[in-house]
Number of protein chains: 4
Amino acid sequence: MYSPLIQKLIDLFSKFPTVGPRTAARFVFYLINLSEKDTKELLESISKLKEKVKTCPFCFNKFEPKTQEEKMCDICSDPNRDKKILCIVEKETDLSAIEKTKKYNGLYFVLGGRLSSLKKENIEKIRIKELEERINNPSDFGIQTDNFQEIILALNPTPEGETTTLFLERRLKPLGIKITRLGRGLPVGGELEYADEETLKSAFEGRK
Amino acid sequence: MYSPLIQKLIDLFSKFPTVGPRTAARFVFYLINLSEKDTKELLESISKLKEKVKTCPFCFNKFEPKTQEEKMCDICSDPNRDKKILCIVEKETDLSAIEKTKKYNGLYFVLGGRLSSLKKENIEKIRIKELEERINNPSDFGIQTDNFQEIILALNPTPEGETTTLFLERRLKPLGIKITRLGRGLPVGGELEYADEETLKSAFEGRK
Amino acid sequence: MYSPLIQKLIDLFSKFPTVGPRTAARFVFYLINLSEKDTKELLESISKLKEKVKTCPFCFNKFEPKTQEEKMCDICSDPNRDKKILCIVEKETDLSAIEKTKKYNGLYFVLGGRLSSLKKENIEKIRIKELEERINNPSDFGIQTDNFQEIILALNPTPEGETTTLFLERRLKPLGIKITRLGRGLPVGGELEYADEETLKSAFEGRK
Amino acid sequence: MYSPLIQKLIDLFSKFPTVGPRTAARFVFYLINLSEKDTKELLESISKLKEKVKTCPFCFNKFEPKTQEEKMCDICSDPNRDKKILCIVEKETDLSAIEKTKKYNGLYFVLGGRLSSLKKENIEKIRIKELEERINNPSDFGIQTDNFQEIILALNPTPEGETTTLFLERRLKPLGIKITRLGRGLPVGGELEYADEETLKSAFEGRK
């Protein structure tokens, strides 16, 4: 129905997260009607992004070095961050969500995925080897610390997140470092009556 | 459009919680098509409910005395419940939700509502006077205890629940009893990325 | 968790259409807290409903006779209704929805269900035999007419409604009466972009 | 929280239809993790789109000329399309939705918007002058026809679409051409009981 170029771009946008073919079509017509100037800005921003944004060698978060000398992200290179505590997250946007709370001042590690099962091919897709290397020898990756004293498993409390958490607990236990999980409980706006038992149990245990 | 009797019953069912006129109409036709026997069972159950179900003089929960001598609900009269801890809930179904978790073994108090504002006429609608009497003189209301050592404010983390919690904290503070709230955090199935900052903060503070 | 009487009534309300156990529990506590007077009104309304509401011998709609002599519903006994046209609906609330539009002035027949498949046991659950008898000999059931000139199949455009419509079309075709279906098209508030092809096709064919 | 380049691209994606800042952030990290090759393909597709896709001088639909000589879109230049009937749509994706049904073989006109009110500044934003010119002198814009015999107003049955339809009806009436609207009715999957009166009325009137 659509011309080849339009259809091709619909297909490319359909691969974006949360985007289906109808939304992709709306994106394409949005672009067609975009001014020359705005289109150029978008294309250049994407090109620059790919060119300038680097991956931090310690935490795997994405960052934009301000000088050629900058090798690590703002968080890993910040002398005021607590280098004895490491928070493991699934993806970059989870790290940003935590930073927004301003309640955490330690380091991060972006796992790059979660486990839907404990099959070998799944485990190989996340950065488990990289994580172990960084916990064991942080200074090899640019972090000066006397070893971590707490590892926070900040995975989502979804089934896949739970599987990943259980896997990491078992895997990291031999290191003898304190391992914690985020607190469960009633979220803002939640209702006791509609909470699942597990959440309500945690809310009772975590009262203060 | 409907005959007077049908319309009247639609109006009565429309007053039930969560029921609008379309659902009420479906209820009425459900009843019309119900067998003689099932209708009788429903009507008798409602009559018996109103006749047999009593309000516990201490906690205001509803209960069904098994003998004429039974004056208090199963929880208040259970010798194994911890009588040093009192959990304040908005309504009976919240109490049931907590009981299902089997994580709480103290007493309850059903407040009978929540505050949308601190206006006098709102405050008079909930059982605040009754609550204070029971905390100050539990034995006057059938509970033998040396005074409470913890009061849990188990209101919903909604704006109205928060207003009620703040009001109760201020009101009960002079009694010198430890006052706690349910823990906040990520609910089962939640996602960090979509959690509000407040919930995520609590999840970090409550990690373990 | 709930006392036997409360639990029993929760179970009974859970059988009402669209009601689950949590909503049923809210209904029960609503009833417990209902005044004596309002409870009596509800119980009497239900009793009277079962006693006074009759089934019309022609259309199977429910009605409330105003005198003992009234044998048929308001619609079937109305001399101004067009007795040459019959509209077949699944249930009483569909009939009411159509009456509210004031666009239809013929008679109705309430089928009492819809077909999820063409299995014999499904077909026996709806009033197909009764329908054929009334179409063939309306005067036997209190309707004076020279035979119907149009039968409207006003089933829902859902898969089950479609199955029922197809079944009725095949079954009623030999009678030689004009059979129609409700028009398909875009509903108020709908959008072309999100309409399925079938709906959009009908909207084009039905333009005017 | 995000680095300047990431934040800038989040802002640009947030202007895309249906996209909020959270989804925009996910898009950016999707792009960061996209391979060199796939990124290049996306950027080139967008550039080519802007370069190759043209606006048809008659209908204002977007098309991709296969040769330099091609001046009009596939539909307008198709000798088999019925040039006596013109369908007015709000936007390009509505045109595609209609084409998919294969039920319409006339010409189109893309209005480029809809009216939320009849204010002058709103009316000036849609292609009403262009529409009148094309209806009055189709051959000036590349369409050889003896004048249109039907104009279909295929706007959405939303409040804004209705306002636009009423405006166009009044404006085009003096031309003396038959003006039609898409048929209203129950959509596939809809239910009589939950349909609004207007939709149900149309379904009855449009029965067949």
Sole miss for B:Thr93 among (1) part of a helix (DSSP H, G or I); (2) without any contact (Cβ under 8 Å) to a residue 40 or more places away in the chain; (3) farther than 22 Å from C:Asn33 by Cα is condition (3)
Check whether at least one residue in segment A:47-54 is modelled with pLDDT under 95 and more than 7 Å from every other protein chain (Cβ to nearest Cβ), and report yes or no.
yes
Of all residues in segment D:7-30, count the ones that are over 29 Å from the mean Cα position of the chain (by Cα) and facing chain A (nearest Cβ under 7 Å).
3
Restricting attention to segment C:1-38, which residues are more than 24 Å from B:Lys66 (Cβ to Cβ), assigned to a loop (DSSP other than H, G, I, E, B) and aromatic (Phe, Trp, Tyr)?
C:Phe16
Checked segment C:85-138 for anything among the polar types (S, T, N, Q) and within 11 Å of chain D (Cβ to nearest Cβ); matches are C:Thr93, C:Ser96, C:Thr101, C:Asn105
Please work out if B:Leu111 is under 16 Å from B:Arg181 (Cβ atoms) and modelled with pLDDT of 95 or more.
yes
Of the residues B:Asn156, B:Asn136, which is polar (S, T, N, Q) and more than 19 Å from A:Arg207 (Cβ to Cβ)?
B:Asn136
Candidates C:Arg134, C:Arg81, C:Arg127 - the one that is touching an Asp or Glu at 6+ places or on another chain (Cβ under 9 Å), among the basic types (Lys, Arg) and touching a residue at least 24 places away in the same chain (Cβ under 8 Å)
C:Arg134
Name the residue, out of C:Asn137, C:Asn147, that is of a type outside the set (A, V, I, L, M) and either under 23 Å from C:Lys103 (Cα atoms) or in contact with a Pro (Cβ under 6 Å, 6 or more places away or on another chain) (or both).
C:Asn147
In segment C:68-108, what count of residues is obtained for those that are within 23 Å of C:Asn147 (Cβ to Cβ) and small (Gly, Ala, Ser)?
2
Hits in segment C:173-207 - residues which are under 20 Å from C:Tyr104 (Cβ atoms), hydrophobic (A, V, I, L, M, F, W, C) and at the interface with chain D (Cβ under 7 Å from one of its Cβ atoms)
C:Leu182, C:Val188
Using the structure shown, decide if C:Glu41 is surrounded by fewer than 16 Cβ atoms within 10 Å (Cβ to Cβ), assigned to a helix (DSSP H, G or I) and either at pLDDT 95 or above or within 15 Å of the chain's Cα centre (by Cα) (or both).
yes
Please determine, by comparing only the residues of segment C:117-141 that are within 17 Å of C:Gly106 (Cβ to Cβ) and under 20 Å from the mean Cα position of the chain (by Cα), which one is surrounded by the most Cβ atoms within 10 Å (Cβ to Cβ).
C:Arg134
Applying the selection to segment D:155-208, what residues are surrounded by 21 or more Cβ atoms within 10 Å (Cβ to Cβ) and among the polar types (S, T, N, Q)?
D:Asn156, D:Thr164, D:Thr165, D:Thr199, D:Ser202
Can you report the number of residues in segment B:55-84 which are under 23 Å from B:Thr180 (Cα atoms) and either outside any loop (DSSP other than H, G, I, E, B) or facing chain C (nearest Cβ under 9 Å) (or both)?
0
Within the set of pairs 6+ apart or on separate chains, which have a first residue in segment C:97-119 that is within 19 Å of C:Glu162 (Cβ to Cβ), a second that is of a type in the set (Gly, Ala, Ser), and C-beta atoms under 6 Å apart?
C:Arg114/C:Gly161
If D:Val53 meets every condition in (1) touching an Asp or Glu at 6+ places or on another chain (Cβ under 9 Å); (2) over 24 Å from D:Phe141 (Cβ atoms) apart from one, which number is that one?
(2)
Scanning segment A:62-91 residue by residue, the ones that are more than 18 Å from A:Lys48 (Cβ to Cβ) and surrounded by 18 or more Cβ atoms within 10 Å (Cβ to Cβ) total 11
Would you say A:Lys103 is among the basic types (Lys, Arg), touching a Leu at 6+ places or on another chain (Cβ under 9 Å) and modelled with pLDDT under 95?
yes
Hey, among C:Leu111, C:Leu118, C:Leu86, which residue is of a type in the set (A, V, I, L, M) and closer than 19 Å to B:Asn33 by Cα?
C:Leu111
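The values are calculated or read from the model by the stated rules, or taken from the named source; none is laboratory data. This structure is a prediction, so every number in the text was calculated from the model and none was measured. Neighbour counts are summed over all protein chains in view; Cβ atoms, including those assigned to glycine, are modelled from backbone coordinates with ideal geometry.
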